[in-house]
Every structure is written in C-alpha cells, then in structure tokens.
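The values are calculated or read from the model by the stated rules, or taken from the named source; none is laboratory data. Values in this document were obtained by computation on a predicted structure and should not be read as measured data. Counting neighbours? That spans all protein chains shown, and the Cβs are built from the backbone with ideal geometry, glycine included. Ligands, DNA and RNA are stripped out before the accessible areas are found, and what is left, the full protein with its side chains, is counted by its heavy atoms. Shrake-Rupley method; radii C 1.70, N 1.55, O 1.52, S 1.80 Å.
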Amino acid sequence: MAIESMDTRDEEAPLFVDVSGGETPKSRTRDVHILSCAFLLIFLAYGAAQNLETTINSEGNLGTVSLGILYVSFAFFSLFASLVVRVLGSKNAVVLGTTGYWLYIAANLKPTWYTMVPVSLYMGFAASIIWVGEGTYLTSIARSHAIDTGLHEGTVIGNFNGEFWAVFALHQFVGNLITLAVLPKGTEGSTGSTTLLFIVFLCSMTLGLQQAFVWASYTKDIVNPTLGEAGVGGAMAVYGAFDAICSLAAGRLTSGLRSITVIVCGGAFFQALILLWLLLKYSATSGVLGVIYPLLMAAFLGIGDGVLNTQLSALLALLFKHDTEGAFAQLKVWQSSAIAVVFFLSPVVTLQTMVEIMVGAISVSLVSFLFLTLKVEKAFSSHQVTNM
C-alpha cells in the first residue's frame, strides 16, 4: 500500500468531499447512528438467510456451494474495491452495494442453480464495495470528529467502531428472532413458511440500506442436529446479542495499540475455548443440556466475533491513515477468501477436521498479530527517541 502524505493528497483531490465537508461533531455522531442502523436493516435479512442457507437449500449442496461462490467473488472483487470506492465515493459505494443483498434475498424466493449462482457472483462484488465504503466512511468521520473536538483519535475511532459493530451485530439477534417466529418448530422443509420468511427479509431490505464457521459448520453440524432448523434462529439470535454487547464494550475500551492487543487476545481466547471444547470434549446430547450447549457456544462465539470485528477495524484505521480504502480492501480480500475456503470445505470434511483447521488458523493468526504489534510498538518507540 502506498503511504503518501495525507496533506499532499488532500490538496490534489478532496477524496472525502462526500463525507465530512461542513459537518459538525453532532452531525457526525448522527451519521454513525444512520450508518449503523442502515447496515442493521440490510444484514438482519441477509445474515439470517445465510445462517439457513446450508440447511434450507441443501439439495445438491446448493446453499453451501452458492455461499462458496459468493465469497470467492467477494475475494476477487475486493482486489479492485478500493479503486471503485475512490471513483464512486464511499456513500455511493454503500448504496450500490446494497443492491447485491436485495437481489440475494430475492433469489432465495426461487432458489435454483440459475438464480443463486449469478446472484452470488454479483453479491460478491456488492459486498466488496459496501464494506470498503463503510470502513472508509466511518474512519474518515471519526478522524474529523477527533480533530474538531480535540479528543484522542484512537478513542474516537474505537467508540465509532464499537457503536457500529454493536448495532450491526444486532442483525443476528433481530433477524433470527424473525426466523424463529416465521419458521416455528415442526415446519422444517415447509415451502410456504420458507417463502414467507424470505418475503419478510425482502421487505426489510427494501426499507434500508471465524464467521464462516458459525454460518456453515456450527449451524449445520451442531445446532441443526439437536435443535432443528427452527433452532438455528434461536441460537444465532443469542450469537447476535452477545456479539452486539461485546462490540459496544470493546469499542468503549479502545484507546490505542496496547488496548487493542489486550482486547484481541481476550476475543481469541473465547474463540479458542469453544474450538477446543468441540475438538476434545463435545458430543451431542439430548434433554436440557442438548439445548444449553449450542446456546452457550453461540454466546462465546458471539463474544469473540464482536471483539475481533471492532478491534481489527480500529487497528486498520490507526495504522493505515493514508490509505484507508486499500487497507479495508485488503482485509476483505483475505477475509472473504478464508470464508470461501470454509464453505467449499464444509460439505467434504468432517466437523472434527474443520475444527482442527480453525484451531490451527486462530493460533497462527494470534501469533502473527502479536508479532505485528511488537514491531509497530518498537518502531513507534524508536521514532519517539529519534525526535527527542
């Protein structure tokens, strides 16, 4: 990523004229509320649909394969997403990205290979620009807010990201409660109930604008065998509630690199705890424990997801001040590539193998993250000594 002077680039082309020009601190906090609520409306439909995709569209692995295609497309288009966002502007990119999610929900009303595959390809493009647009927009207004109010930049970025990810995470709670209400126990496989469910989602889309493991393996191999398709909604609602609470808390606790490091380690611990439980001790049971165990896992996975989403966004915003679009585009390239791999592996490997892969991945990721923070801390300390 090119790290040029921010002042120089702003003189050449005001990249964020659609973001913060002429805005007051009050209007910027309002913009965070609007952005957060818009993503809640978009993803309460898409998130719940994705959770059910591998169980409702199971014939010929249509659901799993279409999600794999979606995330391959997401990874590919993320390579060019920063350029698209620069051309469109971050707000326009978010608006255009919304169309992909709307079409995806619409395609689920008639799920066939001819509807799901093309829409999944387009959805990958839409997802790439909506997430780079979101990251760029939120970071820009956070920096402007910090300058105008005299607050510490890291604190403002943490607070804004914390609010966004907390509200965003509620999509799992709200969307899956809708699923639970519209797809009650005993209606598994009912075409009428499924159609009604996606119509509800489609209407909500029209109003507004690790994870892969939860979406693919957790719902299919852990929740569905014990709680059924209807239980997927309840489990993911628990996941979303804890995700939202921890996103907000983690954002409030963010003040700089050291706090990010501590919080990320805590989030990784919760994720690893569940993975090791699945790897060493867990077995499906009946009765009360058969209900409690999947919900407990959902809560812990939600805690980890909320923490990691908030902190990774804050970290990128702090480290890549002069190339925000490129940083968030790179995040989505690697994130969507990993998710695609999980969806394509899910039908052909056992849960045990998938968990082993996840344990290895989270271990390597955490070690790499700690190495990065040590290097950045060392470079920052050396810079301070040089300037003294």
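For the subset of region 240-296 comprising residues that are among the hydroxyl-bearing types (Ser, Thr, Tyr) and within 17 Å of VAL355 (Cβ to Cβ), which member is modelled with the highest pLDDT?
That would be TYR293.
So the check is Cβ under 7 Å with 6+ separation or different chains; which pairs have a first residue in region 357-374 that's over 11 Å from PHE213 (Cβ atoms) and a second one that's surrounded by 11 or more Cβ atoms within 10 Å (Cβ to Cβ) and polar (S, T, N, Q)?
Qualifying pairs under 7 Å: THR373/THR261.
Given the conditions (1) buried (at least 23 other Cβ atoms within 10 Å of the Cβ); (2) on the phi > 0 side of the Ramachandran plot, and given that GLY287 satisfies all but one, which numbered condition is not satisfied?
It fails just one condition, (1).
So how many residues does region 354-380 have that are open to solvent by 50 Å² or more (accessible area, probe 1.4 Å) and in contact with a Ser or Thr (Cβ under 8 Å, 6 or more places away or on another chain)?
1
For ILE157, indicate whether it is closer than 24 Å to ALA237 by Cβ, out of contact with any Ser or Thr (no Cβ under 6 Å at 6 or more places or on another chain) and in a helix (DSSP H, G or I).
no
Checking LEU103 against (1) at pLDDT 90 or above; (2) in contact with a Phe, Trp or Tyr (Cβ under 7 Å, 6 or more places away or on another chain), which test does it fail?
All conditions pass for LEU103, except number (1).
If a residue must be among the aliphatic types (A, V, I, L, M) and open to solvent by less than 30 Å² (accessible area, probe 1.4 Å), how many such residues does region 235-262 contain?
Matching residues across region 235-262 total 7.
Per-residue answers, yes or no, for (1) assigned by the TED database to the domain that holds ASN57; (2) within 20 Å of ILE339 (Cα to Cα); (3) in contact with a Gly (Cβ under 7 Å, 6 or more places away or on another chain):
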{"residue": "LEU79", "(1), (2), (3)": "yes, yes, no"}
{"residue": "GLY89", "(1), (2), (3)": "yes, no, no"}
{"residue": "GLY100", "(1), (2), (3)": "yes, yes, no"}
{"residue": "LEU103", "(1), (2), (3)": "yes, no, no"}
{"residue": "ALA107", "(1), (2), (3)": "yes, no, no"}
{"residue": "PRO111", "(1), (2), (3)": "yes, no, no"}
{"residue": "THR115", "(1), (2), (3)": "yes, no, no"}
{"residue": "ILE129", "(1), (2), (3)": "yes, yes, yes"}
{"residue": "GLY135", "(1), (2), (3)": "yes, yes, no"}
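Just to verify a result, which residue in region 274-284, among those that are under 10 Å from ILE222 (Cα atoms) and aliphatic (A, V, I, L, M), is most open to solvent (accessible area, probe 1.4 Å)?
Out of the qualifying residues, it is ALA284.
Would you say THR54 is touching a helix residue (DSSP H, G or I) at 6+ places or on another chain (Cβ under 9 Å), hydroxyl-bearing (Ser, Thr, Tyr) and at pLDDT below 85?
Judged against the criteria, THR54 is a match.
Rundown of residues vs (1) within 19 Å of PHE173 (Cβ to Cβ); (2) touching a helix residue (DSSP H, G or I) at 6+ places or on another chain (Cβ under 9 Å); (3) assigned to a helix (DSSP H, G or I), yes/no style:
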residue	(1), (2), (3)
THR226	no, yes, yes
PHE242	yes, yes, yes
VAL262	no, yes, yes
ALA268	no, yes, yes
TYR282	no, yes, no
ALA298	yes, yes, yes
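Please specify each residue of region 316-327 satisfying the condition of being in a helix (DSSP H, G or I) and farther than 19 Å from THR261 by Cα.
THR324, GLU325, GLY326
Would you point out the residue of region 306-335, among those that are under 19 Å from ALA249 (Cα atoms) and polar (S, T, N, Q), that is nearest to the chain's Cα centre (by Cα)?
For region 306-335, the residue satisfying everything is ASN309.
Could you grab the pairs with beta carbons closer than 9 Å, sequence gap of 6+ or different chains, first residue in region 120-135 and closer than 20 Å to PHE160 by Cβ, second one hydrophobic (A, V, I, L, M, F, W, C) and not in a helix (DSSP H, G or I)?
ILE130/LEU209
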